[in-house]
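Worksheet for the structure shown next.
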Amino acid sequence: MSRGETPSPEAGCGPGGRRPWAGRRVVLGVTGGIAAYKSVQVARDLTRLGAEVDVILTSGAEAFVRPLSFEGVTGRPAFTELFSSDGAAMHIRLGVEAEAVLVAPATADFIARAAQGRADDLLTTTLLATRAPVVFAPAMNDRMYAHPQTAANVRHLEERLGYVRAGPAVGPLAFGEGEGPGRMLEPHELVEEVGRALGRDDRFEGTRVLVTAGPTREPLDPVRYVGNRSSGRMGYALAQAAWRRGARVVVVAGPGHAPEPYGPELVRVETAREMEAEVRARLPDCDAAIFAAAVADYRPAAPASSKLKRSETGAELEVRLEANPDVAADTRDARRPGTVAVGFALETDDLLARARAKLEAKGFDLVVANPAGEEGAGFDVETNRVVLIDARGGEEALPLASKDDVAEAVLDGVAALLEARR
Ligand code: CTP
């Protein structure tokens, strides 16, 4: 399996969905907090994505959730004992074979023990034995999280040991507690964190990637707009995949209804002009820009300031449209030299020739050519059928695939271009 390949939770976890992590080894450490019940879902989702998940419960975790719950969703034994008949070297084996470790929930006590390098249970000994990336998801009372000793321990794990902190989120804590930072991230977010730990791609190290996504809405009056059926799914899949590979990602997104990506910074806009301004402001800091938005090419020239009334417009309403900016082409001057630029071309006829013309006209290095109106491809569906066209004349036709798979293929192309420009 190739680097960076991971799913959106829905695409990957659905029946017959992708199993992009087939054969990848993940250790899931569970410690004693009320959020432990959510970790069963994490184990299930990772397993459905193909990962082989070894669950280690601390004795505290067992007060909240049983090993059997995890065994039922992973189909593998869950471990609790450091000294067991399975062999004293279990912690070494689990640690060495792991490709990523997630500790969720990570309690204040676990964080303190890990920061001290303790080896008093199977989880902490496994952590000392592993060299795989470790992600921890703090979950505790907000006052405990804010305590200077906990803060120092968390910093130690991050700065000294290079562990990745995931959360905590702000939101309702256990019954009767507060709402400050202390809540464990949601299972799908933790799954993405594991994806990033498994999917790092050196070619994206230190890079910043901008993605435009979704439709734009061009107001006709305060309640109506001209727009299109784009959901934003393709752009979000690209942003999510770039983030998993280790890039810092900003998405400038119009109002689509696809579930938001986890990890990338999300900048919301409504109109093409707003999208252009946000893209222009960010492009000078970017190493790659992927223009996946379905920008409305025209906007009502004179939007009404109050709601248009049928009683006043009569049987017909004429709306004059004027051209919007071309976000990709008009911000070309803001790209710094060497920025990798990727565009899409949605065409009903003459797909390849027109896509190539867009590549040249808009200064793209790569164009994702998309036949319009084909079943299973284009707007508002989970899949896409595309041809990747590069500036050197290369063409690669991909089979009908999930938007996550298409995103991975596009990012392989971006990665090769980034590497060539280093
Ligand atoms: N694009 C853009 N701003 C626009 C129109 C398009 O940034 N106002 C970008 C799209 O994000 C895509 C590429 O340009 O990457 C091509 O978009 P497409 O809709 O296929 O083509 P258009 O340039 O709009 O041309 P036409 O509608 O004539 O096919």
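So for the range 389-405 (the condition being in a helix (DSSP H, G or I), more than 14 Å from the ligand (Cβ to nearest atom) and touching a strand residue (DSSP E or B) at 6+ places or on another chain (Cβ under 9 Å)), does at least one residue qualify?
Yes, there is a match, as at least one residue in the range 389-405 is in a helix (DSSP H, G or I), more than 14 Å from the ligand (Cβ to nearest atom) and touching a strand residue (DSSP E or B) at 6+ places or on another chain (Cβ under 9 Å).
Does residue 281 satisfy the condition of being within 16 Å of the ligand (Cβ to nearest atom) and either in the same structural domain as residue 164 (by TED's automatic domain parsing) or not in a loop (DSSP other than H, G, I, E, B) (or both)?
yes
Kindly establish whether residue 209 is within 16 Å of the ligand (Cβ to nearest atom) and over 12 Å from the mean Cα position of the chain (by Cα).
Answer is yes for this residue.
When you scan the range 104-113, do you find a residue that is assigned by TED's automatic domain parsing to the domain that holds residue 160, aromatic (Phe, Trp, Tyr) and open to solvent by less than 20 Å² (accessible area, probe 1.4 Å), even just one? Step through it out loud before you land on a result.
Going residue by residue through the range 104-113, those that are assigned by TED's automatic domain parsing to the domain that holds residue 160 are 104-113.
Checking which are aromatic (Phe, Trp, Tyr) leaves us with 110.
Applying the additional criterion that residues be open to solvent by less than 20 Å² (accessible area, probe 1.4 Å) yields 110.
The answer is yes; a qualifying residue exists.
Among the residues of the range 19-76, write down those that are under 26 Å from residue 401 (Cβ atoms) and assigned to a loop (DSSP other than H, G, I, E, B).
Correct list: 19, 20, 21, 22, 23, 24, 49, 50, 51.
When you go through 210, 266 one by one, which is the residue that is in a strand (DSSP E or B) and open to solvent by 40 Å² or more (accessible area, probe 1.4 Å)?
Answer to the selection: 266.
Does any residue of the range 171-183 turn out to be at pLDDT 95 or above and hydrophobic (A, V, I, L, M, F, W, C)?
No, the range 171-183 contains no residue that is at pLDDT 95 or above and hydrophobic (A, V, I, L, M, F, W, C).
Out of (1) touching a Lys or Arg at 6+ places or on another chain (Cβ under 7 Å); (2) open to solvent by 40 Å² or more (accessible area, probe 1.4 Å); (3) touching a residue at least 40 places away in the same chain (Cβ under 8 Å), the odd one out for residue 187 is which?
(2)
Run residue 389 past the list (1) crowded, with 22+ Cβ neighbours inside 10 Å; (2) free of Cβ contacts under 8 Å to residues at least 60 places away in the same chain; (3) more than 24 Å from residue 228 (Cβ to Cβ) and report the number of the one that doesn't hold.
Residue 389 satisfies every listed condition except (3).
Which members of the range 229-258 meet the condition of being over 15 Å from residue 269 (Cα atoms), part of a loop (DSSP other than H, G, I, E, B) and open to solvent by 20 Å² or more (accessible area, probe 1.4 Å)?
229, the sole residue that qualifies.
Among the residues of the range 158-171, how many are in a loop (DSSP other than H, G, I, E, B) and surrounded by fewer than 19 Cβ atoms within 10 Å (Cβ to Cβ)?
3
Can you run down the residue pairs with Cβ atoms below 8 Å, 6 or more apart or on separate chains, where the first is in the range 321-332 and touching a residue at least 40 places away in the same chain (Cβ under 8 Å) and the partner is open to solvent by 30 Å² or more (accessible area, probe 1.4 Å) and in a loop (DSSP other than H, G, I, E, B)?
Taking only residues 6 or more apart or on different chains, the pairs are 324/295; 324/297; 327/295.
What are the pairs with Cβ atoms under 8 angstrom where one residue, in the range 19-35, is open to solvent by 40 Å² or more (accessible area, probe 1.4 Å) and the other, located anywhere, is basic (Lys, Arg)? Sequence gap at least six, or different chains.
Partner pairs satisfying both residue conditions: 19/48.
Consider residue 419 carefully, then state whether it is among the acidic types (Asp, Glu), open to solvent by 10 Å² or more (accessible area, probe 1.4 Å) and not in a helix (DSSP H, G or I).
For residue 419, the condition - among the acidic types (Asp, Glu), open to solvent by 10 Å² or more (accessible area, probe 1.4 Å) and not in a helix (DSSP H, G or I) - is not met.
Taking helices (runs of 4 or more DSSP H) that fall entirely within the range 297-386, which contain at least 3 residues that are within 16 Å of the ligand (Cβ to nearest atom) and at pLDDT 95 or above?
327-330, 351-362
Check 126, 150 and return the single one that is in contact (Cβ under 8 Å) with a residue 40 or more places away in the chain, open to solvent by less than 10 Å² (accessible area, probe 1.4 Å) and over 22 Å from the mean Cα position of the chain (by Cα).
Residue meeting the stated conditions: 126.
Let me confirm something: among 148, 133, 138, which residue is closer than 19 Å to residue 25 by Cβ and either assigned by TED's automatic domain parsing to the domain that holds residue 46 or of a type in the set (Phe, Trp, Tyr) (or both)?
Working: 148 fails: closer than 19 Å to residue 25 by Cβ; 138 fails: closer than 19 Å to residue 25 by Cβ.
None of the other options fit; the residue is 133.
The values are calculated or read from the model by the stated rules, or taken from the named source; none is laboratory data. Remember, predicted model here, so these are calculated numbers, not experimental data. Here Cβ is always computed from backbone atoms with ideal geometry, including for glycine, and neighbour counts include all displayed protein chains. These area figures cover heavy atoms from the full protein model, side chains too; ligands, DNA and RNA do not enter into them. Shrake-Rupley method; radii C 1.70, N 1.55, O 1.52, S 1.80 Å.
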